[in-house]
Amino acid sequence: MRIGAISGWKNVEFLQHFGPVFTLTSMAILCGGTVGGLLLGATPGLSPTMAVALLIPFTFHMTPIHGLMLLGAAYTATVAGGAISAILLKIPGAPANIATALDGNAMAKRGEGAKALQICFISSFIGGVIGIFVLIFLTPVLAQFALGFGPSHMFWIAILGVTIIGSLDSKSVVKGLLAGAVGLWIAMIGYDSIQGVERFIFSEHLEGGVHIIAALIGLFAIPQVIEMLEGGRIRHDVEVVKVQPHSIFKAVSETISKFRAATIGSLIGVVVGLIPGAGGQIAGLVAYDQARRFSPNKERFGTGESEGVIAAETANNAMVGPSLVPLLTLSVPGSPTAAVLLGGLLIHGIFPGPNLFEQHGDVAWAFINSLLIGQFLMLIFGLYIAGWAAHVVRIPPPILASGILVLGIFGAYSVQSSYADVVVMMVLGLGMYFLSKFGFSPAPLVLGVILGPIAESNYVQGRIIAEAGDGLLAYFCTGGLNLFLIALVLASVAYSVLTEIRMRRFESNQGAIA
Amino acid sequence: MKKFALGMAALTAIAVASPLSAADYPDRPVSLMVAYSPGGATDFQARIVTMVAANEEYLGQPIVIINKPGAGGKVGWNNFASSSKTDGYELAAYNVPHFIAQSIKFKTKYSIDNLEPIANWGADPAVFVVNKDSPFNSMKDVAEYAKANPGKLTVSGAGLFVGHHIAYLQIEKALGNELKYVPHKGGAPAMKSVLGGQVMAGVNNLSDAYRSRDSLKILGIADLNRNEEFLPDVPTIKEQGFEVDDSSVNFRGVMVRKGTPQDVIDKLAAKVPEMFKNSRVAKQMKAGGSPLRVMTRDEVKAMWERRQKFLTELLAGL
């Protein structure tokens, strides 16, 4: 394997390829891609994968360099743009932004939307740039690492994700786990992707299963809409939230002062991004959970703690660069968006693989450089819109509710051009509304929907491979990486149990004092 | 959002459509349903082969791609065969052997009996691949290993009852010993597990294997002839003495629902193959490593019937 060709001193080569990026046309394309990407990202249902797929036909008529710049800038910006609707409307633009919605929206509701958005874009920038540098400098080392993940490892990673379900955004571990179980069940609906068995298909519209985006919009947006409408047409002018302007410098210093969250987020984003199949969907949530564990302000998470936003957004964007590592060096797309980008590269006759940087060095580097410049543009445009976008909270609830509903229906429909998805979204949303009255939260439920298929399909594949090899136990429970992951799972469970016990003791002590 | 606008234009146009005659067909944009997600091989090729549709010598109207993915194509095709219009403005892309195998194996609303082929644009044969570090150098080595270790040789592929699986079943039969099929969620993850050494071998698309050829050994092609364009040095599996024909080759093309007026079908059947032969289409397909094989309506019809017969026999015992 000749991926060594892009190692060593040659890495600084990227500096020589900024030429084509800094031309008038290129900058116009980059700016257009960034603004368009932010808007597409902020639209519920238009995930980065979808946005890049929609843009590919537009690159047909461009030169390869310009086409890939557009895709690179749009990818960067859509990932960050998803946070806008997550923070302002509590509708995560894509699964990656769930964790951002938890604290970001609480901040926006207090009138700190500008601050939340500024912190979010600064964190996105930090994470994004770190991710791109990992892509530039560590690709050869990490490509092999990324390929090494097999079904047994993916299974344990999914289980590691399950261990955080209980503690995510809920008051009680039991309710969190119950919600997670419902999520796992929803994920089972449809044809099982490996064996083709029918499960819980009562209507032909459920044959394809419940699409994650439809579920996401329904679970987050619909309960909010109903709650807003509960208030009726009472005039809210009196109690309108005051939107506090926030200085960008303060946002920078706040983000830097919380470097612990930023470090955790970037690290987790890079690692998760590298693992093919895990995708960015869980990077934000895992980072959020870890940042909380290491934070002295644990109890403030979920009530508008900026550390939560920082951890989630650094992780989401740090994942972008590393997720392209297996794509560019081995032609193996590591995430759904990378798979779509592969199509975009191929259509221009560029074959990713060990020889990419020798044969098409100019195009490949221009693409990577556009990802890097895209980060800067995303930061500039993001900060610019943060100030006025925050005023969304001042829209009267009945109007905001109808706006969210329209966006939600549009988003759910557009994913698969399917009206059935809109019905699914509505049903799930209505159910979630009643569940939320009993103290359940949508975040663990969605995590169940995401992790269920990963755990299941990898278990089934692992079992088939194990049958041909040394048996189930040997396949899943031996080998360094498996043991390391199992240790992490055990540590995570032990930590949750310990915290729960300590909390109980603390509460009963308080009760005794009172 | 030009695509979206076009889609809306198409929808509005459909709503106000009046009965038509083939003389002025098509007088508005035509949609093409793809049963797989955006960015996948079928979607990506469908976009390339339809990009010149608006030229006067072809349809004179653009073709808009609409994705309806889910359940390996079943969602889109079920929807197409049961509720699409038969006015010639709603086309769909087919994947053979997928949709035929599914119609035999599952209760689907589609089969070759209620669909009408228009033309074929591509044929992607399945290839048998192993990792560069694998001890296998030919299909003979694979056969010897399978004989000594029945049921131990793991082979990845994209799911059940798709081209890869059909090729696997044929190879297993020809080798005469049991192998172990490990279905994946698509061609890319299946290829990844070969490159990462999680499985010992894989059945995958020729186009994808061609792109990863530096990290792989491509041991054989499941087709009747070698692929002169991309892999002239790779022998077919048949050449190596194992009875595997072209039944698993992944054909992609355009179809309409039965009931579409004959004059519209005739017009499409005359224009669409010409569109696939356009030099810009051919150039882009080649650049993407996707083999182009243009077939006319009659040729596709015969091919569908042959596959139907073959797959009914092959899948009978499963």
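Among the conditions (1) crowded, with 24+ Cβ neighbours inside 10 Å; (2) out of contact with any strand residue (DSSP E or B) (no Cβ under 9 Å at 6 or more places or on another chain), the only one that A:Ala53 does not satisfy is (2).
Against the condition more than 27 Å from B:Ile171 (Cβ to Cβ) and hydroxyl-bearing (Ser, Thr, Tyr), how does B:Ser290 come out, does it pass? Here the answer is no, as B:Ser290 does not meet what is asked. Considering B:Tyr94, B:Tyr36, B:Tyr58, the condition of being closer than 23 Å to A:Pro48 by Cβ and among the aromatic types (Phe, Trp, Tyr) is satisfied by B:Tyr36 alone. The combined condition, being away from chain B (no Cβ under 14 Å), closer than 25 Å to A:Val493 by Cβ, in contact with a helix residue (DSSP H, G or I) (Cβ under 8 Å, 6 or more places away or on another chain) and hydrophobic (A, V, I, L, M, F, W, C), is not fulfilled by A:Leu178. Residues in region A:420-462 that are more than 10 Å from every other protein chain (Cβ to nearest Cβ), in a helix (DSSP H, G or I) and over 25 Å from the mean Cα position of the chain (by Cα): A:Phe434, A:Lys437. Residues that are within 8 Å of chain A (Cβ to nearest Cβ) and either in contact with a strand residue (DSSP E or B) (Cβ under 6 Å, 6 or more places away or on another chain) or buried (at least 22 other Cβ atoms within 10 Å of the Cβ) (or both) within region B:42-64 comprise B:Asp43, B:Phe44, B:Arg47, B:Ile48, listed in sequence order.
So that you can scan it fast, the table gives a plain yes or no per residue for (1) without any contact (Cβ under 8 Å) to a residue 60 or more places away in the chain; (2) crowded, with 22+ Cβ neighbours inside 10 Å; (3) at negative phi:
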position	(1), (2), (3)
B:Thr86	no, no, yes
B:Val96	no, yes, yes
B:Asp124	no, yes, yes
B:Val129	no, yes, yes
B:Lys147	yes, no, yes
B:Lys192	yes, yes, yes
B:Gly202	no, yes, yes
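In this structure, B:Gln240 does not satisfy being more than 17 Å from the chain's Cα centre (by Cα) and assigned to a helix (DSSP H, G or I). For region B:183-200, residues that are part of a loop (DSSP other than H, G, I, E, B), more than 7 Å from chain A (Cβ to nearest Cβ) and among the small types (Gly, Ala, Ser) total 2. Just one of the numbered conditions (1) over 19 Å from the mean Cα position of the chain (by Cα); (2) polar (S, T, N, Q); (3) not assigned by TED's automatic domain parsing to the domain that holds B:Gly39 is not true of B:Ser156: (1). Please work out if A:Leu330 is within 14 Å of chain B (Cβ to nearest Cβ), free of Cβ contacts under 8 Å to residues at least 12 places away in the same chain and not basic (Lys, Arg). The answer is no for A:Leu330.
Can you confirm whether region B:290-306 contains a residue that is of a type in the set (Ser, Thr, Tyr) and either touching a residue at least 40 places away in the same chain (Cβ under 8 Å) or within 14 Å of another protein chain (Cβ to nearest Cβ) (or both)? Scanning region B:290-306 turns up at least one residue that is of a type in the set (Ser, Thr, Tyr) and either touching a residue at least 40 places away in the same chain (Cβ under 8 Å) or within 14 Å of another protein chain (Cβ to nearest Cβ) (or both). The residue list A:Trp365, A:Trp388 contains one member that is assigned to a helix (DSSP H, G or I) and without any contact (Cβ under 8 Å) to a residue 40 or more places away in the chain, which is A:Trp388.
The values are calculated or read from the model by the stated rules, or taken from the named source; none is laboratory data. Keep in mind the model is a prediction, meaning the values are calculated, not measured. Note: ideal-geometry Cβ built from the backbone for every residue, glycine included; neighbour counts use all protein chains shown.
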